[in-house]
1. Counting only residues that are open to solvent by 10 Å² or more (accessible area, probe 1.4 Å) and small (G, A, S), which one in region 27-38 is farthest from ligand 1 (Cβ to nearest atom)?
2. Filter region 1-26 down to residues that are among the β-branched types (V, I, T) and either surrounded by fewer than 21 Cβ atoms within 10 Å (Cβ to Cβ) or out of contact with any Gly (no Cβ under 9 Å at 6 or more places or on another chain) (or both), then give me how many there are.
3. Return only the number of the condition from (1) under 20 Å from P167 (Cα atoms); (2) touching a residue at least 40 places away in the same chain (Cβ under 8 Å); (3) not β-branched (V, I, T) that L131 does not satisfy.
4. Somewhere in region 106-116, is a residue assigned to a loop (DSSP other than H, G, I, E, B), free of Cβ contacts under 8 Å to residues at least 12 places away in the same chain, more than 15 Å from ligand 1 (Cβ to nearest atom) and on the phi < 0 side of the Ramachandran plot?
5. Looking only at region 161-173, which residues are open to solvent by less than 40 Å² (accessible area, probe 1.4 Å) and either of a type outside the set (D, E, K, R) or farther than 14 Å from S197 by Cα (or both)?
6. Say we look at region 39-76 and pick out the residues that are touching a helix residue (DSSP H, G or I) at 6+ places or on another chain (Cβ under 7 Å) and without any contact (Cβ under 8 Å) to a residue 60 or more places away in the chain; which of these is nearest to ligand 1 (Cβ to nearest atom)?
7. Please list, ordered by first then second residue, the pairs with beta carbon atoms under 7 Å, 6 or more apart or interchain, first in region 176-202 and over 15 Å from I163 (Cα atoms), second hydrophobic (A, V, I, L, M, F, W, C) and not in a loop (DSSP other than H, G, I, E, B).
8. Give the residues of region 174-228 that are outside any strand (DSSP E or B), of a type in the set (V, I, T) and crowded, with 20+ Cβ neighbours inside 10 Å, sorted by residue number.
Amino acid sequence: MLRVQNLTKRFGHVTAISNVSANIRKGRVTALLGDNGAGKSTLVKMICGTYKPTQGSVWVNGKQVHMDSARDALALGITAVYQDLALVDQRNVIHNISLGNIPTKWGGLVVDRKKMRETAENALSYMKAKLPSLDIPVSSMSGGQRQAVAIARACASGGQLVIMDEPTAALGIREQRMVLDVVHDLRAHGTSVLIISHNLDHVFEVADDLLILRGGRVVAEVERNAVSHDEVVRLILAGQPRDADLEEEVAA
Ligand SMILES: Nc1ncnc2c1ncn2[C@@H]1O[C@H](COP(=O)(O)OP(=O)(O)OP(=O)(O)O)[C@@H](O)[C@H]1O
Ligand SMILES: [Mg+2]
């Protein structure tokens, strides 16, 4: 569905992503793994139009694409849900779900409120979310409820790829469950999901494919069933000094 080819991103002297090639397959859940600073968020931002690659290319359904903004990505069916959610606090759920894509009528002169409410209701029923009301500002909601709104917005865009950067971090157990259920639902509807998570239990539950980065490079691109939990941990950490090595250094 999506391919990145020899992608590199430099920030001044820092190379965050170095010559990364990988595939995100249609209708599958790909987990993007790696330790802090491995380059996960940077890679994702090049796939959803936030960053322009320093080098390399992005391909969607076999065609090379150039994205200059999240809007360009959206037009290609790619949406992202970030940890810092970018909801408009003062607005209600309905408005937030249509954010950036407000339906209008009468040749664009008037906001189509009926359609906007329908869109919100469809998106939320699809993800089984329980929110107190669609008509209250999201500023009065919990972190999990806000996350639900952000994910519903991604679903409402009807995209072919939904990207989630640490969607379950900072959520309660019930809310984490809800997010994982949404991932299952998205896949059941044929949508590809790219999910970043440090929680390997979550990853092993939802992911079909694993893409593991270290120091901005791909160290593994494997099916989840082909590797054990321990092997994944080793791949994420390999090349970093083990505690035993450090102790030797300290002793010497
Ligand atoms: N805007 C930026 N300017 C300069 N350096 C950056 C920028 N964004 C990321 N980096 C650097 O690029 C590297 C990769 O960062 P990135 O945020 O992609 O890591 P990550 O895998 O998402 O980490 P985490 O798990 O902590 O979220 C880090 O060394 C980081 O300091
Ligand atoms: Mg990150």
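The values are calculated or read from the model by the stated rules, or taken from the named source; none is laboratory data. Everything numeric here is computed off the predicted structure, so don't read it as measured data. With ideal geometry, Cβ positions are generated from the backbone for all residues, glycine too; neighbour counts draw on all protein chains shown. Calculation scope for accessible area: heavy atoms of the full protein, side chains included, ligands and nucleic acids excluded. Shrake-Rupley method; radii C 1.70, N 1.55, O 1.52, S 1.80 Å.
1. So, considering only residues that are open to solvent by 10 Å² or more (accessible area, probe 1.4 Å) and small (G, A, S), the one farthest from ligand 1 (Cβ to nearest atom) is G27.
2. The number of residues fulfilling the criteria is 4.
3. (2)
4. If we filter region 106-116 for residues that are assigned to a loop (DSSP other than H, G, I, E, B), which is where we start, we get 106-109, 112.
If we keep only those that are free of Cβ contacts under 8 Å to residues at least 12 places away in the same chain as well, we get 106-109, 112.
Then drop every residue that is not more than 15 Å from ligand 1 (Cβ to nearest atom), which leaves 106-109, 112.
Okay, now just the ones that are also on the phi < 0 side of the Ramachandran plot, so 109, 112.
Yes, because at least one residue in region 106-116 is assigned to a loop (DSSP other than H, G, I, E, B), free of Cβ contacts under 8 Å to residues at least 12 places away in the same chain, more than 15 Å from ligand 1 (Cβ to nearest atom) and on the phi < 0 side of the Ramachandran plot.
5. If the condition is that a residue be open to solvent by less than 40 Å² (accessible area, probe 1.4 Å) and either of a type outside the set (D, E, K, R) or farther than 14 Å from S197 by Cα (or both), then L161, V162, I163, M164, P167, T168, A169, L171, G172 are the ones that fit.
6. Initial filter on region 39-76 (touching a helix residue (DSSP H, G or I) at 6+ places or on another chain (Cβ under 7 Å)): 48-51, 53, 58, 67.
Now narrow it down to the ones that are without any contact (Cβ under 8 Å) to a residue 60 or more places away in the chain: 49-51, 53, 58, 67.
On the way: G49: 15, T50: 10, Y51: 8, P53: 13, V58: 16, M67: 17 Å.
Looking at residues that are touching a helix residue (DSSP H, G or I) at 6+ places or on another chain (Cβ under 7 Å) and without any contact (Cβ under 8 Å) to a residue 60 or more places away in the chain, I get Y51.
7. Sorted first by the residue in region 176-202, then by its partner, the pairs are M178/A148; L200/V232; H202/L180.
8. Let us first name the residues in region 174-228 that are outside any strand (DSSP E or B), namely 174-191, 197-208, 215-216, 224-228.
Subsequent filtering for residues that are of a type in the set (V, I, T) retains 179, 182-183, 191, 203, 206, 227.
Selection gives V179, V182, V183, T191, V203, V206.
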